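A quick write-up on the structure given underneath.
Here, each number is a calculation from the coordinates, and none is a lab measurement. These numbers were taken from a predicted model, which means no experiment stands behind them. All Cβ positions, even for glycine, are placed from backbone atoms using ideal geometry, and neighbour counts span all protein chains on display.
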Amino acid sequence: MRMQHALVLAGAATALAIAVLVTFKFRTIESSASHEKLEATLIAPAPADNGEVDVAASRLVSCRWRVRNSGKVPVIGLKIAASCQCQIEQPPPDILQPGESVEVAVKIVPPNGGVATRIIPLFAQGATQPLGQLSVRLHVSVSPPAWIVAPAAIDLRAIAGQTTVQEFVWDAVEKRTNARWIDDIHVDDPLVVAAVVKIEDLPWSEDGELCLRKYRVGLTAVARTAETHRTQLVFRNTETGRQQDVPVTLEVLPTVSVIPSTVRFESDQGSRQVTLICRLPEINQVTPNFDSALLSIVSIRSQSGRALKFEVMPRMTVTQETETEVFFHSAEGEPARLVVRLLPKS
């Protein structure tokens, strides 16, 4: 009786071992039932001694493999399982006979940096599991820290008398375990104030060695009068002393501008329209200050957005060239200046 139990247990163990073996072979992409098997060898670009292919970042890599049917039956309906990381350049034939080889080509998206393995399965018609795979180990050389796009000249626009804030973002590739490359960002200028809004660490390389650090910086302009001002934004590492200066141009616009800024009349010739651009929403009334003996200025009852229109007309005929000024005053900021030139009859 004990002998029978032992035989039953041994038989069960053998069956379990066979089941495990079958499952193992099934997952290693070989079907013992169909005797279908594909082997792929990378032929271009040639890998280095460590098996890696050195490539450039942000550029598709064209790879070629030799695919061989090492099974015992034809592979019918052979296809490459393309994904968002690859584009098929040269597809395989529909049928691959036993022992037959063929070349296939695929363009592959490289990693941002570091090392990453790209695996592309090969399927046959009706197969639920791949019969082989195209595999390549790509290496993108990055020498961190480095800017993705180096900070270039910055243009700031502000309105006179108003505090204006603009946010800028710069991306740098850095080693994840290292301290931040930039630890001091400032402007040595009373008209522009720099403040680090936020620094984000995001994954970059697929091996986890590199990260993408986003430096968000807010620049605040505090100019009181309309002018064009130039200064510098300074990126600095206080430990190494490394410093990078970025030119900043601050254009401060008046709260109210008049277009055109100069009008010209020959003799008593007609009238001219000028438009006032109001850059603050609370400005809805502008008062002109002018020489009423020379000019007549009337507000035109039409308003488009923040634009106001005025009609300018000479009131007298001059005997010599005369220049006068009109100042349009608002509740905020400096007045807008209009130059009017009156010419005598020729």
* Asked: How far, in degrees from 0 to 90, does helix 2-27 lean away from the longest principal axis of the Cα atoms of the chain, to the nearest 10?
  -> 40
* Furthest towards positive pole of dipole, 44, 346, 233, structure part the chain, Cβ charges -> 44
* For the stretch 81-184, build the charge dipole from Cβ charges (+1 Lys, Arg; -1 Asp, Glu) around the Cα centre, then report which of 90, 139, 166 sits farthest towards its positive end. => 139
* To do: Pick out, from 108, 61, 130, the residue whose Cα sits farthest towards the positive end of the charge dipole of the chain, with +1 on the Cβ of Lys and Arg and -1 on the Cβ of Asp and Glu.
  => 130
* **Hz values of 3J(HN,Hα) by residue in the stretch 46-55 - Karplus curve (6.51, -1.76, 1.60), Gly and Pro given as x** => 6, x, 6, 4, 7, x, 9, 10, 7, 9
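Using packing as a proxy for protection, rank 178-188, 203-213 so that the peptide with the highest average count of other Cβ atoms within 10 Å comes first.
Working: 178-188: 15.2, 203-213: 18.2.
So the peptides 178-188, 203-213, ranked by packing, come out 203-213, 178-188.
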* To do: Please list, or write none, the aspartates and glutamates whose alpha carbon is within less than 19 Å of the alpha carbon of residue 107, excluding same-chain residues fewer than 8 places away.
  => 52, 54, 89, 206
* **Whole-Hz ³J(HN,Hα) from phi, Karplus 6.51 cos²θ - 1.76 cosθ + 1.60, for the stretch 173-181, glycine and proline x** => 8, 9, 6, 4, 8, 8, 5, 4, 4
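Is the chain rounded, prolate or oblate when judged by the Cα gyration tensor, a ≥ b ≥ c being the square roots of its eigenvalues, rounded requiring a/c under 1.5 and prolate requiring a/b larger than b/c? Walk me through the intermediate numbers first.
Numbers: a/c = 3.87, a/b = 2.91, b/c = 1.33.
In terms of gyration-tensor shape, prolate.
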* Taking a cut-off of 24 Å between Cα atoms, list the lysines near residue 198, but don't count ones fewer than 8 places away on the same chain. => 175, 214
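With a Förster radius of 56 Å, plug the Cβ-Cβ distance of residue 193 and residue 285 into 1/(1 + (r/R0)^6) and report the FRET value to the nearest 0.05. Don't skip to the end; give the middle numbers.
Values: r = 32 Å, r/R0 = 0.58.
FRET efficiency, residue 193 to residue 285: 0.95.
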* To do: Highest first, please rank the peptides 257-266, 239-248 by the mean number of other Cβ atoms sitting within 10 Å of their residues.
  => 257-266, 239-248
* Structure fact -> Candidates 77, 113, 218; GNM for the chain (alpha-carbon contacts under 10 Å) flags as most fluctuating 77
